[in-house]
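To keep things clear, I will list the structure first and then write my remarks on it.
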Amino acid sequence: MLQVMLADTAITPDDGSTAGSRTTPATVPVVRRACAAAREMLVRVAADEWNLDMSQLRVEEGAVAHAGKRLVYAHLARSKQLTAASDNTVPRGVPLTKTADWSVLGRTLLKTNAREIVDGTHRYPSDIVRPGMLYGAVLRPPRYGALLDSVDLTRGKELGAVVVRDGEFVGCAAKTSYEARAALEAIRRTARWRTAPHPSSERLGAYLKRRAQRSGGGRRGPRRRESGDVEAALAAAGTIEASYEIPYVQHAPMEPRAAVAEWDQGRLTVWTGTQRPFGVREQLQQAFRLPAGRTRVVVPDTGGGFGGKHTGEVAIEAARLARAADAPVSLRWTRSEEFVWAYFRPAAAFEARAGLSGEKIVAWDFAAYNPGTAGIETPYAVPNVRTQYFPCDAPLREGSYRGIGAVGNNFAREVFMDELAGVSGLDPLAFRLANLDDDRLAAVLRAAASRFGWSQSRPSGQNRGTGIAAGFEKGSYIAICAQVRVEGGATEVERLVSAFECGAILNPRNLQAQVEGCIIQGLGPALDEEIRFADGRLLNGSFTRYPLPRFRDVPPMETVLLDRPDIEPAGAGETPIIAVAPALANAVFAATGRRRRSLPLQPRAN
C-alpha cells in the first residue's frame, strides 16, 4: 500500500494552497513527474537485479515483470540503490504516459477512506486529542469595530481556569469546554467596550458605490480595460442598461474553525483545518517570532472550507492559550463565532450597459463594485468593450469563497445577456451562440441544451419557466439549464442540467461529484443565503435564521461531462457555481415576467 502524506509542514514541500482550482493544473503534473521518476528508478533496480536491459521490462499492477517473473514495488523499494538515493540520482525528464494510454488516470477510483467518512470514525481537526489537553474559549467583542477598554480577569481565575490577556486578546483554558466557557462568561460580565457607528445591510449596493475607491493603484486600486470606442458604439446603437446586486454570504462549513496547539521546549505544533498550511505557519512565526524550524502545522482532513479557511486566527488563538497554560489546548469556534467573525464572500454591485445591432452586441460597458476581478471580462465577441472594477471600503471582513469574484460578475453578466436577448427578440440560447466565437463555451451550451431539451416545448409563464446561463473560469467551462416553479413568491427548482468541460478528465466520478457539489452549494446564495446586519451586530448568524440547502432542497440533477483528451486538465472545484444563480434568475423571469436583479431570489423570511 502506498500512503501519501499531505499538509504537514515538517515533512512535506510547500505546494502552495488549496485554492483557485489549482490542484489539477499545478499539483497533479508535479505528482505525475515524481511518479514517473519513481517508476523509472524501480524499473532500474529490477533491471540490475535480473541483469536485463530496462527496455525488456514492463510495469503492471504494482510490480515490474518479465517472462512470467515479478518483483513487487515493496521489494524493490527496500534495495540499497533506492534507500541511498539522493536528489542527484533521481532521473529527470522521464516521459509521462500519453492521455490515450492512461490506465489509471481517466478511470473512476473511489476514496480509500470513504467508509470512515460515512460511519463517522474519520478524524477531523475537532477530533484531535493530546495528552493533558485543555479546552479554550476566547472573548469576542459585542459589536463589529468594538475595542476593549477594560476587563477584570479575577473571576475567571477563581473558577480554576487559565486566563490570559494579550492586548485585545482575552481567553480562558480549562479541563473541559464547559468550564472554559463558564470562566469566560464570568469575565465577559466585567468587560467594558468602546463602540463605533457601523452601517446596515440595507441598501448595501448604494453604500458600496459611495465607498468605491476611484483612484490609486496597486492590487487594491481601480482597474479599467477598454478596447474600441464604447461611447460611440453605444450612441450609434442605442443603450440598454441595468444594475445588479449580491449580498454578503457565509461559507458555513460543517466544521467551524478548530485547532489544537502544543508547545514543547520552545517548539510549536498546531493541528488545524486550513487550506494554506504554510501560510498559517508563516502567521504563527510572525505572531510568536519563531523560526520556521520551530513551527509546525499539521492539517488533518478538514470539515469544509470553500475558501473560508485560508487564515490562521484560530491557530494563533490556540497557541496563545497553550503557551499561557503550559499544556496543549484545543480551541473550537462555536457556530455563532464562525458566522460572526469568519470572513464573508464580498457583497457587490454592478452596472451594465450594452448596444445592440440586430442580434449582435456592438458595445459592452460593465462596472463591478467590490466582488473581485475573477470572471469580470465578457466571454462574448464584442468589438467595443469597457470593463471597470472598483474595490470598496467594505463594512464587513471579506475573503476568498468558492468562485469568489466570478460568481457575482457572472450573475450580473448572464442575467443582462438574457435581458439583451429579450430586446433582440431572440431565444436566450440562440442569442448567446450568435455572440460567441469561443468553441468550448458554445460546446457546453449546446450540450446542456440538448440534454435538457431546450428546443422542445419549454414551459414559460403560468408560474413555471426555464433559464440558461454559462461561463468560464479557471480554465474550465460550464453551462446550466434550469426549470423552476414559482408559487406565492417561493421558488421551487424542478430540474437542473449542467454541461461541464475542463480538458482531459482524470477521475469521472470525482469530477461529477465536484460539479454537482459545487452546484448544490450555489443553490443557497442564489435562493436564500444573505448575511444581514445592523448596528454592528449580525442579525441571522445561526442555521435557524440562515437557510442552507438541505437534502430535500436538491432538485433532480443531470450532469454532462465533456472529455477533451487533447486539452491539459484544468480544475473543477469552482467554475460550476458561477452559472447557478443566473440560470435560476432567468428561469424565474420566464415563469413570472418579473426580472430579479439582486440575490437571493426568494423573498426574505421574517
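The values are calculated or read from the model by the stated rules, or taken from the named source; none is laboratory data. Here the structure is a predicted model, which means the values were calculated and not measured. All Cβ positions, glycine included, derive from the backbone under ideal geometry; neighbour counts span all protein chains shown. To get the accessible areas, we keep the full protein, side chains included, count just its heavy atoms, and leave off ligands, DNA and RNA. Shrake-Rupley method; radii C 1.70, N 1.55, O 1.52, S 1.80 Å.
Give the ranking of 78, 296, 70, 281 by solvent-accessible surface, highest area first, calculated with a 1.4 Å probe.
78, 70, 296, 281
How much accessible surface area, in Å² rounded to 10, belongs to the heavy atoms of residue 75 with a 1.4 Å probe?
80 Å²
Residue by residue through the range 37-53, what is 3J(HN,Hα) from phi via Karplus (6.51 cos²θ - 1.76 cosθ + 1.60, θ = phi - 60°)? Round to whole Hz and write x for glycine and proline.
Computed from phi, the couplings for the range 37-53 are 5, 5, 4, 4, 5, 5, 5, 4, 5, 5, 4, 5, 5, 9, 6, 10, 7 Hz.
Which shape class applies to the chain: rounded if a/c is under 1.5, otherwise prolate when a/b exceeds b/c and oblate if not, where a ≥ b ≥ c are the square roots of the Cα gyration tensor eigenvalues?
It comes out oblate by the Cα gyration axes.
How large is the dipole of the chain about the Cα centre if only Lys and Arg carry +1 and Asp and Glu carry -1, each at its Cβ, rounded to the nearest 20 debye?
Here the size comes out at about 1180 debye.
Set the Förster radius R0 to 30 Å, insert the Cβ-Cβ distance between residue 11 and residue 326 as r into 1/(1 + (r/R0)^6), and round the FRET efficiency to 0.05.
Given R0 = 30 Å and the Cβ-Cβ separation, E is 0.70.
Quick one: order 264, 166 from most to least accessible surface, probe 1.4 Å.
Listed by decreasing accessible area, they come as 264, 166.
Along Cα→Cβ, 7 Å out, is where each label goes; now give me the distance between the ones at residue 206 and residue 55 in nm to one decimal.
7.9 nm
Which percent of the accessible heavy-atom area of the chain goes to carbon and sulfur, probe 1.4 angstrom?
49 percent
Under 18 Å between alpha carbons, and skipping anything fewer than 8 positions from residue 80 in its own chain: which aspartates and glutamates qualify?
By straight Cα distance, residue 80 reaches 40, 48, 49.
With each label point set 7 Å from Cα along the Cα-Cβ vector, what nm distance links residue 288 and residue 37?
3.2 nm
Could you give each residue of the range 87-98 its phi-based ³J(HN,Hα) in whole Hz, using Karplus coefficients 6.51, -1.76, 1.60 with θ = phi - 60°, and x for Gly or Pro?
Coupling constants for the range 87-98: 4, 6, 9, 6, x, 10, x, 5, x, 8, 5, 5 Hz.
How large is the accessible surface of residue 5 in square angstrom, using a 1.4 angstrom probe and rounding to the nearest 10?
110 Å²
So what J values fall out for the range 565-575 if you push phi through Karplus, 6.51 cos²θ - 1.76 cosθ + 1.60 with θ = phi - 60°, rounded to Hz, Gly and Pro as x?
x, 7, 10, 4, x, 10, x, 10, x, 10, 4
Would you kindly find the accessible area of residue 332, with a 1.4 Å probe and non-protein molecules such as ligands, DNA and RNA excluded, rounding to the nearest 10 Å²?
100 Å²
Which of the peptides 207-213, 551-557, 409-415, 302-308 is most tightly packed, and how do the rest follow, judged by the mean count of other Cβ atoms within 10 Å per residue?
Most protected by this proxy first, the peptides run 409-415, 302-308, 207-213, 551-557.
What net charge is computed for the residues neighbouring residue 203, neighbours being all others with C-beta under 13 Å from the C-beta of residue 203, Lys and Arg scored +1, Asp and Glu -1?
So the environment of residue 203 carries a net charge of +2.
Taking 45 Å as R0, compute the FRET efficiency from the Cβ-Cβ separation of residue 66 and residue 301 and round it to 0.05.
The computed FRET efficiency comes out at 0.70.
So what is the calculated 222 nm ellipticity per residue for the chain, using -39500 (n - 2.57) for each DSSP H run with n of 4 or more, over all residues, to the nearest 500 deg cm²/dmol?
-9000 deg cm²/dmol
Which links in 111/175; 111/474; 175/309; 69/111; 157/309 stretch past 29 Å when you go from one Cα to the other?
Flagged as over cut-off: 111/175; 69/111; 157/309.
Which sequence of 288, 589, 431 reflects their accessible areas, 1.4 Å probe, from the largest down?
Descending accessible area places them as 589, 288, 431.
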